[in-house]
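A short reminder: the numbers here are calculations on the coordinates, not readings from a lab. Given the structure is predicted, the values throughout are model-derived calculations rather than measurements. All Cβ positions, glycine included, derive from the backbone under ideal geometry; neighbour counts span all protein chains shown.
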Ligand code: GLN
């Protein structure tokens, strides 16, 4: 079997057995990058000399038993808003074009402590603002399924790196869908963990009350392994939650309690499909609107049928506040962004114009030249809604609706173990079309943003291809701190669906269910 088809956990098993060396594995991915990234443009920076040091260290650590975990020896692509010591971290902005952090983000440290390597940094929408990766100051990342289409965003580079086999795993960040939506558009798996589960220390903030780092990989099992490596309390992040990374008891009871009849715990642990029996899955009807792409709706319904056939109890339900999610999200996100991005002024951080001028002129010119159009649009909107006289009418009201949305989900999880929805109302759009109408682009976030507002975990899993051969994603939304429920249902669905093809692979008549 070729390395790229192995998956990350399988690759690590081979590395630990010694059938493949760490250097060989890294060389394989470097070759893939060399062959494909000229066209796809997923990476902004590749790890240079330091990679050899990492290879030696990890190989030695595997040999002497220091690195025994499920991902030991695996290279990872990292989104370029996550700080990497000594390695350029630009947020895809001219503002930070030459920023080299003096420290590692906690997630980077944790993946290195688990014996993983940083392969390079991936392209994204500038400061993670966008849904297509086209707001990057530097390059346009292409979708490997069709290079005339966007990869989604903002973690587009990370999704493409995994989808095209240039990295077995990647880290992304998700403020309103930026892991799940590019994962869906590129046919890979992505997880948004519960707010507070994964440390944001070292993540360049976009909207702090919504931002979360999470894994992207080819399978649910790979994402789960990376999640387990990076999750958990970190005293360096004030919003980090002090609790174990396993499902909390409440989730165990509802998701697995009723399914256990007649089956031993061991069988259940091994068999995610058996665990579907009795699982209550809600389909919020507001996520299946008539305006959405009918191919996406059909693909999601097909997932529901498959799960139902295995004993899941699938029921339509309602989340009426979904209608307000996009407006609420953009008010909260832009307000927080305007505050977070004020540090990029040419003095504290970032690009500074040359020449003789006063302080204010220097700020103005530096920010005008250093930041892109979409970022500036959001800073302006955010500053407006935070300004005196408008704060109560917009920002405060948005915070109240955010609270109500959270409560609406909390109620839903009294009777559902998880929710099933599309990840986006359509599939990847053509390059160059989305930014012509930003409002339309914002509306495309309708299926992802409410989850961030409620601080919940959600998993995006590929569930089919549309007529043009572009991937479709299904989203499983869980109650807070119930990631394991999502892994269970995600793995069960994957088992029922069969392997998902890689871009360019023969898809017709190969017996792959659901594709
Ligand atoms: N598309 C959304 C936005 O533009 C989400 C971005 C994100 O999750 N970082 O804000």
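Please work out whether region 358-515 counts as rounded, prolate or oblate from its C-alpha gyration tensor, where a ≥ b ≥ c are the square roots of the eigenvalues and a/c under 1.5 means rounded, while otherwise a/b larger than b/c means prolate and anything else oblate? Cα axes put region 358-515 in the oblate bin.
Once you order the gyration tensor axes a ≥ b ≥ c over the Cα atoms, which shape class does region 1-70 get: rounded for a/c under 1.5, otherwise prolate or oblate by comparing a/b with b/c? Oblate is the answer for region 1-70, as a/c is 1.5 or above yet b/c matches or exceeds a/b. For 104, 354, the sequence from fewest to most other C-beta atoms within 10 Å is 354, 104.
A straight chain from residue 139 to residue 468 at 0.36 nm per residue would run longer than the Cα-Cα distance by 116.0 nm.
Pairs of Cα atoms nearer than 8 Å and 6+ residues apart set the relative contact order; for region 103-166 it is 28 percent. Once the Cα-Cα distance is subtracted from the 0.36 nm per residue extended length, the residue 49 to residue 392 segment shows a gain of 118.3 nm.
Length gained on full extension, residue 68 to residue 301: 79.9 nm, using 0.36 nm per residue less the C-alpha separation. For region 376-417 versus region 117-182, the spacing of their alpha-carbon centroids is 27 Å.
Simple spin-label estimate for residue 21 and residue 415 gives 6.1 nm between the two label positions (7 Å along the Cα-to-Cβ direction from each Cα). Across the chain, the relative contact order, built from alpha-carbon pairs under 8 Å that are at least six residues apart, equals 17 percent.
As a length-normalised measure over Cα pairs under 8 Å and 6 or more apart, the relative contact order of region 62-130 settles at 40 percent. If R₀ is 41 angstrom, what is the calculated FRET efficiency for the pair residue 291 and residue 239, using the beta carbon separation as r and rounding to 0.05? Efficiency computed from Cβ-Cβ geometry: 0.70. Going by Cα centres, region 468-496 and region 27-95 are how many Å apart? Going from one Cα centre to the other spans 27 Å. As an exercise, use a Förster radius of 60 Å and the Cβ-Cβ distance of residue 505 and residue 356 to find the FRET efficiency, rounded to the nearest 0.05. Calculated transfer efficiency: 0.50.
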